[in-house]
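A short worksheet on the structure shown next.
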Amino acid sequence: MFSSQNLKHVILGSLLVGAVFATEDVQAQRKKKKEAEAPAAQQAKPAASKNGIKPYSEVITAKANTKDGLFKVHEIDGKYFYEIADSLIGREMLIVTTIAKTAEGIGYGGERTNTQMVRWDRGNGNRINLKMVSYRNTAADSLPIYQAVKNSNLEPIIHSFDIKAKSEDGDGVVIEATDLFSKDVQALGLPKNRRESYKVTRLDNDRSYIEHIHTYPINIESRYIMTYLANNPPSNASTGSITVEMNSSMLLLPKEPMKQRLADRRVGWFNTSVTDYGLDEQKATRRTYLDRWRLEVKDEDIEKFKAGELVEPKKPIVYYIDPATPDKWRPYLKQGVEDWNRAFEAAGFKNAIQAKDAPTPEEDPGWSPEDARYSVIRYFASDIQNAYGPHVSDPRSGEILESDIGWYHNVMNLLRNWYFIQTAAVNPDARNVKFKDDVMGRLIRFVSAHEVGHTLGLPHNFASSNAIPVDSLRSAEFTQKYGTAPSIMDYARFNYVAQPEDKGVSLFPDVGVYDKYAISWGYRPILEAETPEDEQPILNEWITSKNGDPLYRYGRQGNSYDPSAQSEDLGDNAMLASDYGIKNLKRIMPNLIEWTFEEDKPFKDYSDLNEMYGQVIGQFNRYMGHVKTNVGGVYERYRSTGDGEGVYTHTDKATQKEAVKFLNKELFNTPSWLIDNEITARTADFGALEKIRSIQVGTLNSILDHGRLGRVIENEAINGSNAYNMVELFDDLRGGIWTELSNGAQIDVYKRALQRAHLERLQELMTKDEPNVPANFRRFVGPQINASQSDIRPIVRGELKTLQRQVKAAIPRTSDRVSKLHLEDTLERINDILNPKA
């Protein structure tokens, strides 16, 4: 119950509240009237930003050109904004950076410069950080050591961005991404080695800008021009700068990584390697797994697969042919893709890989070769003689996500040259500088299949061609079945061994027995295995079932000392194969002028003749390289500990002696058949002597290389009298290089140059150590030798003394004046080496 006094207070309070309401109502009416009278520009005054974050409509204005995809990308007056959904913050992505267009001397368009995993994370305050993520060091997140691995691998920040606004729906953020591509972010620009080589000082911001940023459902493609100031540009030096057009692809990685398949070096495969600290080992252990496409059996086909039926994968591998590709070459590129289906059949799949024409704009207006959902054979109008087959894989699992094969128009010139030089002696279709379309188409199909093999995960297998006996390459029945090598991933090229009488012999490599075996080993699902480790016993059994069969052997690229794993060679005996090859070159030489003449072009110059003559010289040089690798050679045949056999074996003595004998006969005894005065008169005013000299000297210096001599010395240390030792090598070389000493015969100009080169190389061995090779390149050349503490210098000194005696004895019985002067000079050179003047 209220008293009168209390009632008074209540009434007064009510009156006051009413007064306040009345006052606010009046003020609101006045405000509305004032706003109505105010200019429109004042009415549109934006609300104030909160902690630097502005309203969405203030950042993404009506002027924005917006594209929807992985992120929404807004372009406003040359500035680019990313609208990143909250669901993508923390997701792992891959950025692949390539040089899209370049100046002369700076690589080639399509060359990959960097691949890195990234993550967009929230930073302190209102910031978003783009972090570089590494899986090089890893451990399962369920293990205690996982936190230690994380603490030791702090993720570097590539770039940091202010949050400009919240997404319109509130489920994301807006950042400005312009500086990521227009400023010098090294991870997305010219790589460090190029910067150092060209002496780059800085990025010129005024000449660097974004061409465009396109967004697609699972990737964003950014194209940008970078101009660097440089003190040593490889071309256009007067500008003092380098301009390149870069492309960065940011690709969303799958939420659930594919199950890994652990690698085994006995089967060649591109792979990903990490240090796994979660393994039950007492050391930091490398974990290596295959790069491969995710080919899975459909649930409804599992029983069929188990029963041995071929099944179609859940998602096939599809390649689209670039719309820029000339129509007449498209069928051959497609055939090269689909040739791999017979390999996938060995893995249990049918129609696993397909080739399709790209849809027209009418059929699919949104289709783009830049869209990471599509793998494309890109056709480049370029004079580069190349094709390449890269792939983009998930670093967490090795899953290949997409691949764009680069196909340069001028690869046809490379194919023409190979086919002409290696087969024209036995093949009328190759006796011209312009082949019929079906012949060039078959060559295109071959290279297409080779490059697709790379995109499936297969590296070069340089041991493949060595599996075939040389004389089998002359058999029509054998070559029709096996081609020129068991793997199209070798550089076996075309059948230069076949002779004119070998009718019906195959000249081409093809997807072969090794390729089918490797694809089956890498792709056949092992349904009963739950983990990669569960698969290993079965994978090992597949390998050991082929032990000892050379058709299934893998030999890595880059092994410079294994005579059974060489580039561009054929057969199991380099001397015999090269002998057949030289016979064919000798058949081609007299016909070069005729075969490079085109009746409908009598007005053209001799550039084709000059090019093909250079190809003959180059092919001959390859044969010499194949032979010399046997000298001081070491075979590398990969084994596992369970095989109970060694990996490395020195080339036997008889083979090494055969190799040196071959070189003495075919190279160090002047190959005068390579000099044709009619060709020289049409192609050069000078240089015939140099062509022969460079091959002879290059081969000789390679034989007398520190590393090769080191292997010869080690062979003797291991195998004693069964080894081909350095004294025998020097004796045999001297017998081929200095043949005229014994009878006082005239020494021709080619031989005189070779003999001086021999002396100069012996002098280097006496006075210089082996050039230091960086550690990361030593796997290509083998261990280095300490020359001053080895047997090299004592044996070289003995060789020089032997030559000194023989030259001194030969001078009186040499009647040719120039030869005598040469020998007198030789004697002085030897004396200076043995007794250097102060």
message: Here is a check on your reading of the model: is residue 718 surrounded by 18 or more Cβ atoms within 10 Å (Cβ to Cβ) and in contact (Cβ under 8 Å) with a residue 24 or more places away in the chain?
response: no
- request: Look at the stretch 480-517 and say how many of its residues are assigned to a helix (DSSP H, G or I), in contact with a Leu (Cβ under 9 Å, 6 or more places away or on another chain) and either crowded, with 23+ Cβ neighbours inside 10 Å or at pLDDT below 95 (or both).
  value: 4
- request: Quick one: residue 129 ticks every box in (1) more than 34 Å from the chain's Cα centre (by Cα); (2) more than 28 Å from residue 366 (Cα to Cα) except a single one, so which number is it?
  value: (1)
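Please verify whether residue 623 is in a strand (DSSP E or B) and crowded, with 16+ Cβ neighbours inside 10 Å, treating the condition exactly as stated.
Details: in a strand (DSSP E or B): no; crowded, with 16+ Cβ neighbours inside 10 Å: yes.
So residue 623 does not fit the description; no.
Looking at the stretch 372-409, which of the residues that are of a type in the set (Asp, Glu) and buried (at least 19 other Cβ atoms within 10 Å of the Cβ) is farthest from residue 321 (Cα to Cα)? Steps first, please.
Here is the first cut: in the stretch 372-409, the ones of a type in the set (Asp, Glu) are 383, 394, 399, 402, 404.
Among the residues that remain, those that are also buried (at least 19 other Cβ atoms within 10 Å of the Cβ) are: 394, 399, 402, 404.
Details: 394: 24, 399: 23, 402: 14, 404: 10 Å.
Only one residue fits best here, namely 394.
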message: Within the stretch 389-404, does at least one residue satisfy the condition of being under 21 Å from residue 525 (Cβ atoms), out of contact with any Phe, Trp or Tyr (no Cβ under 6 Å at 6 or more places or on another chain), assigned to a strand (DSSP E or B) and of a type in the set (Ser, Thr, Tyr)?
response: yes
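Report yes if residue 772 is among the polar types (S, T, N, Q) and touching a residue at least 12 places away in the same chain (Cβ under 8 Å), otherwise no.
yes
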field: Tally of residues being surrounded by fewer than 21 Cβ atoms within 10 Å (Cβ to Cβ) and either without any contact (Cβ under 8 Å) to a residue 60 or more places away in the chain or in a helix (DSSP H, G or I) (or both) across the stretch 518-538
entry: 12
message: Name the single residue that is surrounded by the fewest Cβ atoms within 10 Å (Cβ to Cβ) among those in the stretch 221-277 being outside the structural domain of residue 207 (by TED's automatic domain parsing) and β-branched (Val, Ile, Thr).
response: 275
query: For the stretch 341-400, how many residues are aromatic (Phe, Trp, Tyr), touching a Ser or Thr at 6+ places or on another chain (Cβ under 9 Å) and farther than 19 Å from residue 312 by Cβ?
result: 3
Search result, residues across the stretch 635-661 that are in contact (Cβ under 8 Å) with a residue 24 or more places away in the chain, among the hydrophobic types (A, V, I, L, M, F, W, C) and over 25 Å from residue 557 (Cβ atoms): 660
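Pick from the stretch 788-811 the residues that are among the aliphatic types (A, V, I, L, M) and part of a helix (DSSP H, G or I): which of them is nearest to residue 736 (Cα to Cα)? Don't jump to the end; show me each part of the working.
If we filter the stretch 788-811 for residues that are among the aliphatic types (A, V, I, L, M), which is where we start, we get 792, 795-796, 800, 803, 807, 809-811.
Checking the rest, the ones that are also part of a helix (DSSP H, G or I) come to 792, 795-796, 800, 803, 807, 809-810.
Details: 792: 20, 795: 18, 796: 17, 800: 16, 803: 13, 807: 15, 809: 18, 810: 16 Å.
Only one residue fits best here, namely 803.
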- prompt: Restricting the first residue to the stretch 784-801 and requiring it to be under 21 Å from residue 771 (Cα atoms), which pairs with a second residue that is assigned to a helix (DSSP H, G or I) and at pLDDT below 85 meet a Cβ separation below 9 Å and a spacing of at least six or different chains?
  reply: 784/778; 793/787
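Test residue 694 against the stated conditions and say whether it is under 30 Å from residue 612 (Cα atoms) and small (Gly, Ala, Ser).
Numbers: under 30 Å from residue 612 (Cα atoms): yes; small (Gly, Ala, Ser): yes.
So residue 694 passes the test.
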message: Looking only at residues that are surrounded by fewer than 20 Cβ atoms within 10 Å (Cβ to Cβ) and of a type in the set (Ser, Thr, Tyr) in the stretch 721-749, which one is farthest from residue 636 (Cα to Cα)?
response: 742
query: Within the stretch 419-439, which residues are surrounded by fewer than 19 Cβ atoms within 10 Å (Cβ to Cβ), part of a helix (DSSP H, G or I) and not charged (D, E, K, R)?
result: 428, 439
- line: Among residues of the stretch 197-241 being outside any strand (DSSP E or B) and among the aliphatic types (A, V, I, L, M), the residue modelled with the lowest pLDDT is 237
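Give the residues of the stretch 381-415 that are within 25 Å of residue 612 (Cβ to Cβ) and over 16 Å from the mean Cα position of the chain (by Cα), sorted by residue number. I'd like the intermediate steps shown before the answer.
Step one: filter the stretch 381-415 for residues within 25 Å of residue 612 (Cβ to Cβ), giving 381-387, 407-415.
Selection gives 381, 382, 383, 409, 410, 411, 412, 413, 414, 415.
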Subset of the stretch 665-714 [over 30 Å from residue 784 (Cα atoms) and either outside any helix (DSSP H, G or I) or among the small types (Gly, Ala, Ser) (or both)]: 669, 670, 671, 672, 675, 676, 681, 684, 685, 686, 687, 688
message: So the check is Cβ under 6 Å with 6+ separation or different chains; which pairs have a first residue in the stretch 597-608 that's touching a residue at least 12 places away in the same chain (Cβ under 8 Å) and under 18 Å from residue 679 (Cβ atoms) and a second one that's of a type outside the set (A, V, I, L, M, F, W, C) and part of a helix (DSSP H, G or I)?
response: 606/682; 606/683
message: Which residue is nearest to residue 56 (Cα to Cα), if the candidates are limited to the stretch 66-104 and must be part of a loop (DSSP other than H, G, I, E, B) and touching a Leu at 6+ places or on another chain (Cβ under 8 Å)?
response: 71
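The values are calculated or read from the model by the stated rules, or taken from the named source; none is laboratory data. Since this is a predicted model, take the numbers as computed values, not measurements. Positions of Cβ are backbone-derived with ideal geometry, glycine not excepted, and every protein chain shown enters the neighbour counts.
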